[in-house]
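S.K.: Take a look at the following structure, please.
The values are calculated or read from the model by the stated rules, or taken from the named source; none is laboratory data. Small disclaimer: the values here were computed from a predicted structure and weren't measured. With ideal geometry, Cβ positions are generated from the backbone for all residues, glycine too; neighbour counts draw on all protein chains shown. Only protein heavy atoms, including side chains, enter the accessible area calculation; ligands, DNA and RNA are left aside. Shrake-Rupley method; radii C 1.70, N 1.55, O 1.52, S 1.80 Å.
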Amino acid sequence: MVVDPTCQYSFAGIRSFGGGVFRSVEKSGAAFAYRELTRIRTGDLVYAKLMAWEGAIGTVPPDCDGCVVSPEFP
């Protein structure tokens, strides 16, 4: 999805070593440089490319449904 600088986005993060996906910060589209984000849904499997070697992978829980992640999360 293309970032709208006038919108607020709820980000999700992921903990290393199988710690799972969690709700992170909320930011305005004008507050970061990403041009595109990915919206995640309950049950999606996500991982952080930069931290995959340390087990930063998880299934999206219901409380993170609809959050967004940066392009570093395939």
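S.K.: Could you please state how large a percent of the accessible area of the chain is carbon and sulfur, counting protein chains only and using a 1.4 Å probe?
M.R.: Its accessible area is 56 percent carbon and sulfur atoms.
S.K.: Here is a follow-up. If you average the sequence gap of Cα pairs under 8 Å that are 6 or more apart and divide by the length of the chain, what percent do you get for the contact order?
M.R.: Dividing the mean separation by the residue count of the chain yields 38 percent.
S.K.: Right, another one. Measuring from a point 7 Å past the Cα of Ser70 along Cα-to-C-beta, which residues in region 18-32 have an amide N at less than 15 Å?
M.R.: In region 18-32, the label zone of Ser70 (backbone N under 15 Å from the point 7 Å along Cα→Cβ) covers 24-32.
S.K.: List, in order, the whole-Hz ³J(HN,Hα) value for each residue of region 24-30 obtained from phi through the Karplus relation with A = 6.51, B = -1.76, C = 1.60 and θ = phi - 60°; use x for Gly and Pro.
M.R.: Those phi angles translate into 10, 8, 10, 9, 6, x, 7 Hz.
S.K.: Going by average Cβ neighbours within 10 Å, how do the peptides 27-39, 62-74 rank, with the highest at the top?
M.R.: 62-74, 27-39
S.K.: Follow-up. Treat the chain as a sphere of radius equal to its Kirkwood radius over Cα pairs and apply Stokes-Einstein at 4 °C in a medium of 1.567 mPa s; give the translational diffusion coefficient in µm²/s, rounded to a whole number.
M.R.: 106 µm²/s
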